[in-house]
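The values are calculated or read from the model by the stated rules, or taken from the named source; none is laboratory data. Quantities reported herein were computed from a predicted structural model and do not represent experimental measurements. Here the Cβ positions follow ideal geometry from the backbone for every residue, glycine too, while neighbour counts run over all protein chains shown. Accessible surface is based on the protein model in full, side chains and every heavy atom, while ligands, DNA and RNA are left aside. Shrake-Rupley method; radii C 1.70, N 1.55, O 1.52, S 1.80 Å.
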Amino acid sequence: QVQLVDSGGCSVQPGGPLRFSCVVVGNIFSILDVGWYRQAPGKQRDVVATISNDGSTNYADSAKGRFTISRDNAKNTVYLQINILKPEDTGVYSCNVHYFGKDYWGQGTQVTVSS
């Protein structure tokens, strides 16, 4: 069983940074690839960034330049940092792992970027 707990969302003004955390409960974190997804209002959920178990990263085109995904294996945690927040970053952010043919999701954390 894999459990993900994500956090870090809030209501913020444009321009500042924000960091999300995804804690993976269990002792298999080091072998997992982890992804962050965003569901904007009225849209489908899309991948934002992924990090593999060896630390290599991939970003959606919309995330390149302002988003950074990282992991701390000692803390079983993956982070997603957004710099220079924009209103279009608004949405529910969720972390995901795929393990033994099954998808596991965090509960999602809401970010609203508005002035």
> Restricting the search to region 76-106, which residues are outside any strand (DSSP E or B) and free of Cβ contacts under 8 Å to residues at least 12 places away in the same chain?
Replying inline: Phe100, Gly101
> For Val78, are the conditions met, namely being closer than 13 Å to Asp33 by Cα and open to solvent by less than 30 Å² (accessible area, probe 1.4 Å)?
Replying inline: yes
> under 19 Å from Val113 (Cβ atoms) and surrounded by 12 or more Cβ atoms within 10 Å (Cβ to Cβ): does that describe Leu4?
Replying inline: no
> Does region 81-112 hold any residues that are within 13 Å of Val34 (Cβ to Cβ) and more than 10 Å from the chain's Cα centre (by Cα), and which are they?
Replying inline: Val97, His98, Tyr99, Asp103, Tyr104, Trp105
> When the residues of region 81-115 are filtered to those that are more than 22 Å from Ser11 (Cβ to Cβ) and touching a Leu at 6+ places or on another chain (Cβ under 7 Å), which remaining residue is most open to solvent (accessible area, probe 1.4 Å)?
Replying inline: Trp105
> When residues of region 19-56 are filtered for being closer than 18 Å to Lys86 by Cα, among the aliphatic types (A, V, I, L, M) and assigned to a loop (DSSP other than H, G, I, E, B), how many remain?
Replying inline: 1
> For the subset of region 18-48 comprising residues that are within 9 Å of the chain's Cα centre (by Cα), among the aromatic types (Phe, Trp, Tyr) and within 15 Å of His98 (Cβ to Cβ), which member is most open to solvent (accessible area, probe 1.4 Å)?
Replying inline: Tyr37
>> When the residues of region 57-75 are narrowed to those that are open to solvent by 40 Å² or more (accessible area, probe 1.4 Å) and part of a strand (DSSP E or B), which ends up nearest to Pro17 (Cα to Cα)?
In response: Thr68
